[in-house]
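Everything below concerns the one structure shown next.
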Amino acid sequence: MSALETLIRAEIAATGPMPLERYMGLCLGHPEHGYYMAKPAIGAAGDFTTAPEVSQMFGEIVGAVLAHAWQAMGSPAPVRLVELGPGRATLMLDILRTFRVLPDLLAALDIHMVETSPRLRAAQEYRLKEHGFTATWHDTIDEVPSGPMLLVANEFFDALPVRQRVRRGASWRARMVSIGDDDRLAFIDGPEVPATDIPEPLRDAAEGTVLEDCPAAREIAGRIGGRLARDPGVALIVDYGYREPAHGDSLQALREKKFADPLQDPGMADLTAHVDFTALAASATTEGSKAWGPIAQGTFLTSLGIGLRAERLRASGADAQDLTHALERLTGAGGMGTLFKVMALTAPDLPAPPPFGTA
Ligand code: SAH
């Protein structure tokens with residue numbers, strides 16, 4: 001039994017079944033045994049691979065959009081370059097390499113990383129240093145100083161804990177984690193949720209319908225929106241998810257690139273849930289920013305010339321087969337092209353960053 005499972009069982013024994021949101025929060029973020037604290041395994045050899053780990057082309061295109069936005073903002077200096085959940089810092093380094101064509105932008109940068117995992121912080125610091133960059137690390141976005149901002153978050157929001165409510169008879173029940181008759185961790189129906197907590201159109205949903213939402217994601221999107229209402233800036237949010245609400249249970253566990261049981265070996269697998277872009281946009285715009293998209297990652301990258309970028313890399317000697325594979329993975333419907341989406345948030349007086357105005 002994993003060390004975290006022992007702790008979770010002790011908590012259930014002491015205080016009763018645990019809300020799913022707390023279970024997911026512990027699995028990912030327990031200070032000692034949480035997945036991102038103890039065993040973050042991102043990349044080719046890890047539990048999951050992200051777009052920046054597939055190819056440098058992803059970060060180069062994101063970098064180009066941010067650089068363009070900086071110019072549209074009137075090239076402010078200093079400007080905060082903020083990343084939420086930077087993983088191995090691969091995306092940040094690809095963005096910074098793109099910025100080299102704009103020495104004024106490089107000189108204006110003040111880099112802030114929002115990262116809770118000490119292990120990943122150390123890895124990020126090491127890799128940034130290798131390339132001559134320094135940054136400041138924070139536990140939450142609230143600690144990042146105010147001012148003009150370029151923000152990026154790739155596969156960050158999917159790692160925030162979700163809650164679920166299940167339709168049972170004429171009521172809604174909170175989904176909880178408990179210990180089943182077979183002595184394994186099990187999902188159970190918890191206390192009744194007041195109908196007023198359920199969005200009006202869904203209150204009479206069919207038996208067994210699962211409603212999932214992510215309070216932490218909405219809160220952070222609201223913080224970003226509030227910042228963009230006060231200072232010029234743009235935020236690019238990339239993740240796998242959907243536009244339509246009420247999509248049901250999307251909680252999944254990934255271990256060594258295979259789907260696993262989210263209740264098996266807590267803390268040993270990456271747990272994620274689909275991102276509700278409509279909810280993020282609503283939180284951000286309520287706080288005063290504008291929201292653009294989301295558009296499919298494939299559309300985003302293709303409209304911004306990822307094909308041309310691949311041609312250039314091929315011409316300069318990169319392996320043609322690797323490039324074709326990476327392109328397909330990043331933009332194809334069988335890879336991340338359709339499921340992954342990109343949303344931009346901007347200060348209210350800024351134009352839509354490309355390609356949102358046209359897509
Ligand atoms: N953006 C990277 C890594 C994605 S994995 C990439 O694309 O490769 C998720 C990242 O978010 C990890 O760095 C993880 O440690 C971090 N993270 C997860 N929950 C967090 C939280 N609540 N606050 C800050 N960082 C968090």
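So that you can scan it fast, the table gives a plain yes or no per residue for (1) of a type in the set (Lys, Arg); (2) free of Cβ contacts under 8 Å to residues at least 12 places away in the same chain; (3) more than 30 Å from Glu207 (Cβ to Cβ):
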residue	(1), (2), (3)
Gly233	no, no, yes
Asp239	no, no, yes
His274	no, no, no
Lys290	yes, no, yes
Leu308	no, yes, yes
Gln321	no, yes, yes
His325	no, yes, yes
* Asked: Can you pull out the residues in the stretch 295-309 that are open to solvent by less than 10 Å² (accessible area, probe 1.4 Å), out of contact with any Pro (no Cβ under 9 Å at 6 or more places or on another chain) and either within 16 Å of the ligand (Cβ to nearest atom) or over 12 Å from Thr331 (Cα atoms) (or both)?
  -> Gln297, Leu301
* Structure fact -> With criteria (1) closer than 30 Å to Ser2 by Cβ; (2) not in a loop (DSSP other than H, G, I, E, B), Gly267 comes up short on (2)
* Which residue pairs have Cβ atoms under 8 Å apart, sit 6 or more places apart or on different chains, and have a first residue in the stretch 337-359 that is within 19 Å of Ala217 (Cα to Cα) and a second that is assigned to a loop (DSSP other than H, G, I, E, B) and hydroxyl-bearing (Ser, Thr, Tyr)? -> Leu345/Ser289; Thr346/Ser289
* Asked: How about the stretch 314-352: which of its residues are more than 30 Å from Arg230 (Cβ to Cβ), touching a Leu at 6+ places or on another chain (Cβ under 8 Å) and assigned to a loop (DSSP other than H, G, I, E, B)?
  -> Met336, Gly337
* Mind listing whichever residues of the stretch 81-108 are more than 15 Å from the ligand (Cβ to nearest atom) and open to solvent by less than 30 Å² (accessible area, probe 1.4 Å)? => Phe99, Leu105, Ala108
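For (1) surrounded by 18 or more Cβ atoms within 10 Å (Cβ to Cβ); (2) closer than 27 Å to Gly222 by Cα; (3) without any contact (Cβ under 8 Å) to a residue 60 or more places away in the chain; (4) more than 12 Å from the ligand (Cβ to nearest atom), each residue gets a yes or a no:
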site: Val114; (1), (2), (3), (4): yes, yes, yes, no
site: Ser117; (1), (2), (3), (4): yes, yes, no, no
site: Leu128; (1), (2), (3), (4): yes, no, yes, yes
site: Trp137; (1), (2), (3), (4): yes, yes, yes, no
* Just to be sure, is Arg203 in contact with a Ser or Thr (Cβ under 8 Å, 6 or more places away or on another chain) and farther than 25 Å from Leu26 by Cα? -> no
* Find the residue count for the stretch 18-72, including only residues that are within 21 Å of Lys258 (Cα to Cα), more than 10 Å from the ligand (Cβ to nearest atom) and touching a Phe, Trp or Tyr at 6+ places or on another chain (Cβ under 7 Å). => 1
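The values are calculated or read from the model by the stated rules, or taken from the named source; none is laboratory data. All values derive from a computational prediction rather than experimental measurement. Cβ: placed from backbone, ideal geometry, glycine included. Neighbour counts: every protein chain shown. Just the protein is used for accessible areas: all its heavy atoms, side chains included, with ligands, DNA and RNA removed. Shrake-Rupley method; radii C 1.70, N 1.55, O 1.52, S 1.80 Å.
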